[in-house]
Amino acid sequence: MHKSYPHISGKLHLTGSSRFIADEIPLPEMLYAKFFFSPVAHARITKLDASDANAIPGVEKVVTALDIPGMNQIGLVIQDEPLFPEKEIMYIGQPLAMVLAQDEKIAEAAVKLIHLEYEELPPILEIEEADKKGEWYIPERKIESGDVQKALAEAEFTLQGITETPTQEHFYLETQRCRAIPGEDGQIFLHTATQSTMEVQEVVSRLLNLPANHIIVEVPRLGGAFGGKERGATIWASMAALGCFLTHKPVQVLLEREEDMRSTGKRHPFQGRWKVGFNAHGKIEALDIELLSNGGAYADLSIAILERAMFHAENAYFIPNVRIRGRACRTNLPPNTAFRGFGAPQAIYIIESILEQMAKKLQLDPLELRELNAYRTGDITPYSQIIIESNFPAIFEKLAINSNYRQLKEEVEHYNIRHNESKQGLGIVPVKFGISFTTTHMNQASALLWIYIDGTVSLTTSAVEMGQEVSTKCAIVVSEILGIPLDNIRIESSNSQRVGNSSPTAASTGTDLNGNASRIAAEKIKSRLSPIAQQMLNNQGIDCTLEKICFKDGTVFASDYPEKKIEFKDLIRQAYLSRIPLGVYGYYSTPDLSFDREMGKGSPFHYFVFGAALAQVQINLLTGEHQVLKVFIVHETGNSLNKDIDLGQIEGAFIQSVGWCTCEELPRDTTGHYLAIAPSTYKIPTIRDLHCDMHIEMIPSGSKYASIFGSKAIGEPPFIYGLTVWFAIQNVVHSVKPDAILRFPATPEAILLALN
Ligand code: MTE
Ligand code: HPA
Ligand code: MOS
């Protein structure tokens, strides 16, 4: 265990043979969907006329809200989102009608002939305006502990401010898509790019008024998702399903990059309004914070995202008196949605900004200030979950040693004295990330495992593969338990017929949940196979108890007689002949979770992931360009299931976050148009933005806090480390101009504006 295994898809990706939905061959009679998207952010529809479009040869049908047989409703947490709006347009890019035609060109031409008349309504685009007007999906939420008013009144020092974070486009390589294929007896097969087969099935079944067992959802793998396909895929799958239902023909929905960027929701912008109280040593005594998010036109996952933001408002710090209030605001933007970190990066940026201001005010070392306030074992979070095991302050000590912190600080100071046209700075950010869906019931997963007669294995789990290689990790689990080579295990596509009721693959829980379900399945079948092995060994004259039977390297043997081996495949054949079932189902649900939303109290997380990072940057003061020189990360992976995959996740999350912090600017005009909806204007980082000296140390965790085989979740927590680059840049800017205000993201333009 805990070796490095190459990831299963690697060879397939490199040779171009991994299969995505777009690799499927065209089907006979297949119809291609194109959409008529709303050109305005907010309006009342007075007329939607598709008669000219319908008249074009090759157009099969123009579909509108009137064609929906069931409920025109795709909302889940809150049922506020129609598939097609009937009266009120809510955002630019909202689909109002769908053309189904024999080819894409015809469909595109027909879309141009759809005629819309509307009365424009004033759009709400910003958090402040929505908040003032009380445009919230649900009333304010609150988490509180101690007496914040009193503690603030008595605090030696207080600071207050407003801190904001911008949006971010997911930029998954594979845009939103779905292919719907009619089956017999009214069944519909959906080949969908979704993180949640269950959600697609549930919503489509309601939309079409069909039983759930008529909707079969299949996901081969995703070309990246990053949260954008947890909820975001549902609308497009619904479109394909509806088209297929109405025409009885296969329907393909596939968004172009610009369509995807214009119409789909993104990371939630947040605004934090805060007041902090602390003493002369920098110990935080009180924090009063309001977190407001820009949720877009429909609730989507905004409430859960706000909740996770609230759970991370204090990040890694114990604060005795806290009040966290949260409001998710409805605006006329595409419904913002899950994005790696799920609200936590926004909240953590805000609290880290507060610590930076405290450090500045008290002239304290930013590392020491953080270490002083960090959670220790036994501390209690604002929502009353006990920190059973904290890896602070050890993590800070490691970070200081690895980065040679004192010397590095001096080097930076010396550099800055000697250089006028470029300056350097450091940024430090720790993380405490809660692992589990905060929606407790979602913390469950299943695995279906078959061993075929030749000893090879087929495994389907609730998980969706999106590049994070949950597949490899589940295969490792089975391989370890059954003692068979990874090559003999096939991880199948996600499919609602093989494994139903699957929670989305999200919240970084993919491996925790599905690895455990796979473990349970493998252990079950092992306990069926062991007596057969005992019998076979017995026939060779070896007497041994069941406990002594080992499964290793494709063989089975008694630990006292390792030289007498049975081949695994021979054991399987014998088991089959003995009529032992070789198919097995494993089910796992995370134990001991609870949270009372009304009270704002409970233990919503199975455990926390801890870590910290430091970045050193250099800025060219003439051009505003920055360069990341060094990055140090100390991150708790626990007993990593696969170090290479975890390393990839840490690096990937880091650079994705650096993109958010430094270059991915998505301006918007006053009518609600996003102005950078193509890679030519929306700049994501590339590998060339990260040719720095990157030092990553993965550390184990204690015994109380761990999941499958002692490993910890990895997908989202390292996203937080990208913030170090923003704070390092701010640090440079402040060293030149102490009161400068630096925009987020810190683009060269933003840096120059701050300096001048
Ligand atoms: N890594 C890749 N390559 N592609 C992705 O889409 N999504 C991230 C993260 N890492 C993602 C990724 C997000 S948002 C989450 S929640 C987790 O993977 C989900 O997978 P896991 O729970 O199996 O880690
Ligand atoms: N993370 C990701 N997705 C979710 C969550 C969460 O905490 N809760 C509900 N969906
Ligand atoms: Mo990840 S944002 O939980 O899909």
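The values are calculated or read from the model by the stated rules, or taken from the named source; none is laboratory data. Values in this document were obtained by computation on a predicted structure and should not be read as measured data. All Cβ positions, even for glycine, are placed from backbone atoms using ideal geometry, and neighbour counts span all protein chains on display.
Numerical summary
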quantity	calculated
Matching residues in the stretch 214-239 - criterion: being away from ligand 1 (no atom under 16 Å from the Cβ) and more than 22 Å from ARG498 (Cα to Cα)	ILE235, TRP236, MET239
Among the residues listed as GLY265, GLY295, the single one being in a strand (DSSP E or B) and under 20 Å from the mean Cα position of the chain (by Cα)	GLY295
Residues of the stretch 441-452 classified as out of contact with any Phe, Trp or Tyr (no Cβ under 6 Å at 6 or more places or on another chain) and either in a strand (DSSP E or B) or surrounded by fewer than 16 Cβ atoms within 10 Å (Cβ to Cβ) (or both), total	7
Selection status of ILE491, among the aliphatic types (A, V, I, L, M), within 16 Å of ligand 1 (Cβ to nearest atom) and over 24 Å from GLU202 (Cα atoms)	yes
Test: residue in the stretch 322-344 that is hydroxyl-bearing (Ser, Thr, Tyr), out of contact with any Ser or Thr (no Cβ under 9 Å at 6 or more places or on another chain), more than 16 Å from ligand 3 (Cβ to nearest atom) and over 30 Å from ALA41 (Cβ atoms)	no
Hits in the stretch 212-231 - residues which are buried (at least 24 other Cβ atoms within 10 Å of the Cβ) and more than 16 Å from ligand 3 (Cβ to nearest atom)	ILE215, VAL217
Strands (runs of 3 or more DSSP E) completely within the stretch 30-126 that count 1 or more residues being touching a helix residue (DSSP H, G or I) at 6+ places or on another chain (Cβ under 8 Å)	31-37, 59-63, 95-101, 115-120
Qualifying positions in the stretch 709-748 - among the aliphatic types (A, V, I, L, M) and within 16 Å of ligand 2 (Cβ to nearest atom)	ALA713, ILE714, ILE720
Hits in the stretch 300-321 - residues which are aliphatic (A, V, I, L, M) and buried (at least 24 other Cβ atoms within 10 Å of the Cβ)	LEU301, ILE305, LEU306, ALA309, MET310, ALA313, ALA316, ILE319
Unique match (being under 30 Å from THR337 (Cα atoms), in contact (Cβ under 8 Å) with a residue 12 or more places away in the chain, away from ligand 1 (no atom under 16 Å from the Cβ) and not assigned by TED's automatic domain parsing to the domain that holds ARG221) among SER496, SER518, SER502	SER496
Selected residue (only one of THR438, THR511 is crowded, with 18+ Cβ neighbours inside 10 Å and in a loop (DSSP other than H, G, I, E, B))	THR438
Test: residue in the stretch 158-180 that is free of Cβ contacts under 8 Å to residues at least 24 places away in the same chain and either among the small types (Gly, Ala, Ser) or assigned by TED's automatic domain parsing to the domain that holds PHE744 (or both)	no
Among residues of the stretch 686-705, those that are in contact with a Gly (Cβ under 7 Å, 6 or more places away or on another chain) and either of a type in the set (Val, Ile, Thr) or buried (at least 20 other Cβ atoms within 10 Å of the Cβ) (or both), counted	1
Options SER559, SER496: the member that is touching a strand residue (DSSP E or B) at 6+ places or on another chain (Cβ under 9 Å) and surrounded by fewer than 16 Cβ atoms within 10 Å (Cβ to Cβ)	SER559
Strands (runs of 3 or more DSSP E) within the stretch 598-708 that include 1 or more residues over 25 Å from PHE311 (Cβ atoms) and of a type outside the set (Ser, Thr, Tyr)	607-620, 626-636, 693-699
Which listed residue is farther than 26 Å from TYR721 by Cα and under 15 Å from the mean Cα position of the chain (by Cα), from MET466, MET442	MET442
The lone exception for ASN416 - which of (1) out of contact with any helix residue (DSSP H, G or I) (no Cβ under 7 Å at 6 or more places or on another chain); (2) more than 30 Å from HIS268 (Cα to Cα) it fails	(1)
Candidate set from the stretch 567-597 (those that are β-branched (Val, Ile, Thr) and in a loop (DSSP other than H, G, I, E, B)); member that is nearest to the chain's Cα centre (by Cα)	THR590
Residue among ILE395, ILE401, ILE417 that alone is among the aliphatic types (A, V, I, L, M), assigned to a helix (DSSP H, G or I) and within 26 Å of the chain's Cα centre (by Cα)	ILE395
Residue count, the stretch 307-334 (criterion: closer than 25 Å to ILE388 by Cα and more than 16 Å from ligand 1 (Cβ to nearest atom))	13
Scan of the stretch 710-756 for residues that are assigned to a loop (DSSP other than H, G, I, E, B), farther than 22 Å from LYS630 by Cβ and not hydrophobic (A, V, I, L, M, F, W, C), ordered by number	LYS712, GLY715, GLU716, LYS737, PRO738, ASP739, ARG743, ASN756
